Amino acid sequence: MRKCCSGHKKVLLLTSRVFSNYRHVHNYYGTNNNRISQLERFVRDECKSGRIKKLGDGLKYFDQLILERPLPSTNTLCKGDLVDEALVLFSEMLGDFYVVPDVVVYNSLIKGLCNSGRLTEARRIFDEMVGKGISGNMATYKGMIHGFCLHGRWKEATRYFDEMMDREILPDTITFNILIDSHCKDGMTEDAWGLFELMDKLNIQPNQITYSSMMNGLCLAGRLQDAVKLFDSMVHRGLDPNEFNYNVLIDGYCKTRKLDEAVQLFKKMKQNGLQVTTVVYTTLLRGLYRDGRFETAQSLFNEMQSCGQNPNKFTYSTVLNGLCKNGKIGEAIVLFESMKTTGILPDIYMYAILIHGFCQAGKLEDARKLFNKIPKEGLVPNVITYNTMMDSLFHNRMFLEAERLISEMEEKGCLPNSRTYDILIKGFLKRNDTQKALQYLCKMRERKFMPSDSVVSLLVNTFSTDKIKSLEVLQ
């Protein structure tokens, strides 16, 4: 029995996709595509009229084509996130019709399973394919490598890469890109560099994506100058850098406080005729605000909008944070309100930024009003928002309200982090309530958090060394 699906629309989707993909992909087998088209039109009309209500009813016409060969394609089902339906079709090919799937069918299933995170099933299908004497090709291994890298399992991905190389199946640029990117993001920069050099030995040309991933890995490892050299070598090899290549370096310069170099590269990007996107503008804005170049940042934000690049939520968060840190709370409020007219609704991080801005400006009442507004907007306060409010309440000696907030926070399932406990311990010590300070210190250690250096220093100055050691909370 075929697996039934409720609703004629889903039946229409499945049958239509199977027929159209069958006709398109397997044209070279010499199948009568005219006949497929006629059947497809008939089934589509039957589905639309509601006379066909089950997947099995729709695909019974397809079964006759299966008997006549060639293989039906599971590829479209997998592409449509209908992996379970593809597995049902695959099972029936083996069981009901005695059709032996080829590597193309296996590849589509493996890719679909990997993309949906079903790696154990993907491995089972892969092993089953090999067990039947069907050799995997580059697409097979690429699907496995991509799936395992996508879900952070690069060690297993590397095993499939090694197996691929042992079988003398040459990887393509995309396969290398997947592995290099995964290694770089996991801090395995040297291994990624080894793969990059292997590409050269195998005469496989890296593209802009390869360079972006490798440059990003070098920047993450604190090797900015090596990333710059790689950028220059890319240009020397005749490969034109794209916006992502430029953005990686601009971000690297910004994070190392080399803003002059970042601005120069930004100008060079425009001179070379590349469109400066919202992502690049946001990267440079973040760096300028962080470096205290407020006027330059504001000028850049205005330029961005005049050039037709619409700010996204990350841009707005960056500018809001920059305004608040520079004491421009009034301008931040105006931006916060005007943002809604552009179709971008404030998220919880934007609320946290503005609440922190109010608190820093000594506007506790405004911060409280905004904090209380959060649930009305359909949002849930996060740990950053709670921490900001509690810190300000303690600072203003509103101890009871701060205690109420920690209770509310835990009741609503928002777990405290190390910063929360730092705030609580400091707050209660400020109140000379050493008992509660030690109580939260013990809770902090129970949850495997360590107090910050400033809290440790405060504790040492408040208690005797023997008292602290006897508690065994700083061990």
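The values are calculated or read from the model by the stated rules, or taken from the named source; none is laboratory data. Please read these numbers as outputs of a predicted model, since none were measured by experiment. Glycine also receives a Cβ, built like all others from the backbone with ideal geometry; neighbour counts cover every protein chain displayed.
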Any idea how many residues of segment 137-149 are crowded, with 16+ Cβ neighbours inside 10 Å and either aliphatic (A, V, I, L, M) or under 18 Å from the mean Cα position of the chain (by Cα) (or both)? 7
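So that you can scan it fast, the table gives a plain yes or no per residue for (1) at pLDDT below 90; (2) on the phi < 0 side of the Ramachandran plot:
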residue	(1), (2)
LEU335	no, yes
MET339	no, yes
GLY343	yes, no
PHE358	no, yes
PHE399	yes, yes
SER418	no, yes
THR434	yes, yes
Across segment 280-302, what is the total count of residues that are assigned to a helix (DSSP H, G or I) and either farther than 18 Å from GLU243 by Cα or among the aromatic types (Phe, Trp, Tyr) (or both)? 12
Just to be sure, is ASP347 over 25 Å from THR296 (Cβ atoms), of a type outside the set (Lys, Arg) and over 31 Å from the mean Cα position of the chain (by Cα)? no
Is there a residue in segment 427-447 that is closer than 27 Å to ASP347 by Cα, aromatic (Phe, Trp, Tyr) and either under 28 Å from the mean Cα position of the chain (by Cα) or surrounded by 14 or more Cβ atoms within 10 Å (Cβ to Cβ) (or both)? no
Residue in segment 310-319 that is charged (D, E, K, R) and in a loop (DSSP other than H, G, I, E, B) present: no
Filter result for the condition that a residue is surrounded by fewer than 18 Cβ atoms within 10 Å (Cβ to Cβ), of a type in the set (A, V, I, L, M, F, W, C) and within 25 Å of ASP453 (Cβ to Cβ), over LEU415, LEU424: LEU415
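Any residue in segment 244-267 that is out of contact with any His (no Cβ under 7 Å at 6 or more places or on another chain), surrounded by fewer than 16 Cβ atoms within 10 Å (Cβ to Cβ), among the charged types (D, E, K, R) and part of a helix (DSSP H, G or I)?
Yes, there is a match, as at least one residue in segment 244-267 is out of contact with any His (no Cβ under 7 Å at 6 or more places or on another chain), surrounded by fewer than 16 Cβ atoms within 10 Å (Cβ to Cβ), among the charged types (D, E, K, R) and part of a helix (DSSP H, G or I).
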Pairs returned, first residue in segment 439-460 that is among the polar types (S, T, N, Q), second residue that is part of a helix (DSSP H, G or I), beta-carbon separation under 7 angstrom, 6 or more apart or interchain, are SER452/ASP422
Of those in segment 122-136 that are part of a helix (DSSP H, G or I) and of a type outside the set (A, V, I, L, M), the residue surrounded by the fewest Cβ atoms within 10 Å (Cβ to Cβ) is GLY131
Of (1) crowded, with 17+ Cβ neighbours inside 10 Å; (2) of a type in the set (A, V, I, L, M); (3) farther than 21 Å from ASN382 by Cα, VAL319 satisfies all except one. Which? (3)
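In segment 290-312, which residues are among the aromatic types (Phe, Trp, Tyr) and at pLDDT 95 or above?
First, pick out the residues of segment 290-312 that are among the aromatic types (Phe, Trp, Tyr): 294, 301.
Hit for segment 290-312 is PHE301, nothing else.
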So the check is Cβ under 6 Å with 6+ separation or different chains; which pairs have a first residue in segment 324-351 that's over 19 Å from TYR289 (Cα atoms) and a second one that's of a type outside the set (S, T, N, Q) and part of a helix (DSSP H, G or I)? MET339/TYR316; ILE344/LYS313
Just give me the residues in segment 380-412 being farther than 18 Å from LEU370 by Cβ, touching a residue at least 24 places away in the same chain (Cβ under 8 Å) and buried (at least 18 other Cβ atoms within 10 Å of the Cβ), in sequence order. PHE394
